[in-house]
Amino acid sequence: QIRTLGNIDWLWKPYYEKAISEEGLTRENVKELFKYFYMRYEFQGHPHAQPVYLGGTTPDGIDRVNDLTYVILEAYEEINTVSPKLQLVVSEKNPDEYVKKALNMIREGHTSIVFVNEEMGRKNLRYLTVNEEDINDPGVSGCYNFSLKGNIQPECVGISYVKGVELALNNGTD
């Protein structure tokens, strides 16, 4: 099973721009297509509700929030669904309007939205790799885990809580 459907506002941006400029679609047409996607996705009954993520920055530090980001948010708001979950990658380079839109949606009862701090995610990924190229273009997967695209997935790291209890009961000896 996949752990994310990806950064759809950035991945689909070129197709969105072409559909608007060359194919004759309007912004409202595209919003309706996203509503249809959300409905179909939810009705398929995905048990783990794989998320999609929006926003963040490029490896060069350029803001990824674009008009499609808002189309996706508006469609999600209008259809009032909980699946797929929305993960909003937030950077200081993203516009305030992006975060305000999501906060307003949460105030209105849309509770399947989470915020992920891009700077902290990159900082944490430095513990997994020294390759800055990987760190500068992370993915988000699972509930809200930063990951290295096509590489190490942090949620695959196992922690033995039982071992911690054992060590506590035995004065730290194995």
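Report relative contact order for the chain in percent, whole number only (criteria: Cα-Cα under 8 Å, sequence separation at least 6).
On the way: 228 pairs, mean separation 37.0, N = 174.
After rounding, I find 21 percent.
Please report the net charge: other residues with Cβ closer than 12 Å to the Cβ of Pro51, K and R +1, D and E -1. Each step should come with its number before you reach the end.
Numbers: positive: Arg3, Lys85; negative: none.
Taking every Cβ under 12 Å from that of Pro51, the sum is +2.
Each listed q (0.19, 0.28 Å⁻¹) maps to a log10 I(q)/I(0) for the stretch 56-114, found by the Debye formula over equal Cα scatterers with no solvent: -0.67, -1.26.
Sorting the Cα pairs of the chain by distance into bins of 5 Å, from 0 upward, gives 1, 8, 15, 18, 18, 14, 10, 6, 4, 2, 2, 1, 0, 0, 0 percent per bin.
Suppose R0 equals 30 Å; then what is the FRET efficiency for Glu97 and Glu133 from their Cβ-Cβ distance, rounded to the nearest 0.05? Kindly include the intermediate steps, with their values, before the conclusion.
Details: r = 30 Å, r/R0 = 1.01.
Efficiency, from the Cβ-Cβ distance: 0.50.
Here is the list for the stretch 49-131: chymotrypsin sites (Phe, Trp or Tyr not before Pro) lying in DSSP coil, each with at most 13 other C-beta atoms within 10 angstrom of its C-beta, are Tyr127. Please list the non-local residues whose amide H lies under 5 Å from the amide H of Lys85, H modeled 1.01 Å from N, same-chain partners needing a gap of 5 or more. Here Val52 satisfy the definition. Using only side-chain charges placed at the Cβ, +1 for Lys and Arg and -1 for Asp and Glu, the dipole size of the stretch 42-141 relative to its Cα centre rounds to 360 debye.
Throughout, read-outs are computed from the coordinates displayed, never taken from laboratory work. Given the structure is predicted, the values throughout are model-derived calculations rather than measurements. With ideal geometry, Cβ positions are generated from the backbone for all residues, glycine too; neighbour counts draw on all protein chains shown.
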